[in-house]
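Here is the structure we will look at, set down as structure tokens.
What follows is calculated from the coordinates using simple rules that are stated; it is not laboratory data. What you are looking at is a predicted structure, and each value in this text was computed from that prediction instead of being measured. Neighbour counts run over all protein chains shown; Cβ positions are idealised from the backbone, glycine included.
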Amino acid sequence: MMQPQVAVIMGSKSDLPVLKGAFQVFDDFGVSYTARVMSAHRTPAAACDFASNAAANGIKVIICAAGMAAHLAGVIAAHTTLPVIGIPVASEPFNGLDSLLSTVQMPPGIPVAAVTTGKAGGKNAALYAVSILALSNSELSARLKEFRAEQTRQVTDADAELQEELKK
């Protein structure tokens, strides 16, 4: 088992559906990861301890998914200098707006990158983590470039199909 390069922390196990796409991205790119449930409010000591020791444990990027007050990414970022990516998770009654604002409204000096809410957020957070890791890994960089080229091919092919259908 490879030492994890990315830590994925969710504030509640109910956030897991948002993160399944992230796990798939990591599996597709061969990036090792660990996933944990920790809360900025219910297990603050554990969250701070994890963040404080993450770099020493080989972690290079941390992804945090949380809903409601969504302080998890900020608390983690306050205890590490590693890149932290926040995924705002939609929850009642504000449908994710509260989570988004809690994630993006960080004070100067404690940055948190933020991606969109929902399942696209999980996938984009993982791709962002892969792009960070690719800065120092040429094989991963090449795989990421191929992934992007494949996305371009899919859209180009879909457009060509549409143009053919419109001719009929």
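Each label was represented as a point 7 Å from its Cα along the Cα-to-Cβ direction; for residue 34 and residue 137 these points are 1.6 nm apart.
Only the Cβ atoms of Lys and Arg (+1) and of Asp and Glu (-1) were treated as charged; on that basis the dipole of the chain about its Cα centre amounts to roughly 300 debye. Exposure proxy shown here: for 15, 98, 28, the number of other Cβ atoms within 10 Å sets the order, fewest to most, as 28, 98, 15.
Expressed as a whole percent, the proportion of Cα-Cα pairs in the chain lying more than 28 Å apart is 26%.
Close Lys pairs in the chain (alpha-carbon distance under 28 Å; sequence gap of 8 or more, or different chains): 12. Of interest is the spacing of the C-alpha centroids, which for the stretch 6-27 and the stretch 33-81 amounts to 13 Å. Give the angle, between 0 and 90 degrees and rounded to the nearest 10, that separates the Cα long axis of helix 138-167 from the longest principal axis of the Cα atoms of the chain. With both axes taken from Cα atoms, the answer is about 40 degrees. Between helix 44-53 and the chain there is an angle of about 70 degrees, using the helix long axis and the longest principal axis of the Cα atoms. Would you work out which of 90, 35, 136 lies farthest towards the positive end of the dipole of the chain? Charges go on Cβ: Lys and Arg +1, Asp and Glu -1. Of the options given, the answer is 35. With axes computed from alpha carbons, what is the tilt in degrees of helix 118-134 against the longest principal axis of the chain, rounded to the nearest 10 within 0 to 90? Its long axis makes an angle of about 90 degrees.
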